[in-house]
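The values are calculated or read from the model by the stated rules, or taken from the named source; none is laboratory data. Model, not experiment: these values are computed from the prediction. Every residue, glycine as well, gets a Cβ built from its backbone with ideal geometry; the counts of neighbours run over all protein chains shown. For the accessible areas, the whole protein counts, side chains as well, though only heavy atoms, and no ligand, DNA or RNA atoms are used. Shrake-Rupley method; radii C 1.70, N 1.55, O 1.52, S 1.80 Å.
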Amino acid sequence: MTRKNQLIALMITLSMLLINCSSALKGNPGYVDIKKISYTSDIKPIIENSCTPCHIPPQGKKEAFDSYEHVKENIDAIISRVKLPQDDRKFMPPVNKKPALTDAQVAVLIEWQQQNMPQ
């Protein structure tokens, strides 16, 4: 497992721990709810920044990621491709076109998926 994948796994584990611990705190005066991730405010900007123009019509000729429905249908493939090693030919976004997503951006995609992909 690469260091990047280890960090992602750790971030997911810690997120789940925080969610479980925070649910026990509900009703306490100091309780703060974990931020809900949404397509519109969190996912769409990542997709627009990292996947254009290739996946956004009319210029994009690849699988379209131009709507909530398209991204939701393809989230497994998106996450798996952005987590690949950068020297893998299936890694996205292509190294010569856009910078790789940060670990934080990948974690947001994963968390959104775990929250059942709210719009």
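Below are the figures for this structure:
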item	result
Residues of segment 100-113 satisfying the condition of being open to solvent by 30 Å² or more (accessible area, probe 1.4 Å) and in contact (Cβ under 8 Å) with a residue 24 or more places away in the chain	D103, Q105, V108, Q113
Which numbered condition M117 misses (of (1) on the phi > 0 side of the Ramachandran plot; (2) over 13 Å from the mean Cα position of the chain (by Cα))	(2)
Scope segment 78-87; condition open to solvent by 50 Å² or more (accessible area, probe 1.4 Å) and either closer than 16 Å to I8 by Cβ or not in a loop (DSSP other than H, G, I, E, B) (or both); matching residues	S80, R81, K83, P85, Q86
All positions within segment 29-63 that are farther than 17 Å from N96 by Cα, open to solvent by less than 80 Å² (accessible area, probe 1.4 Å) and at pLDDT below 95	G30, Y31, I34, I56, P57
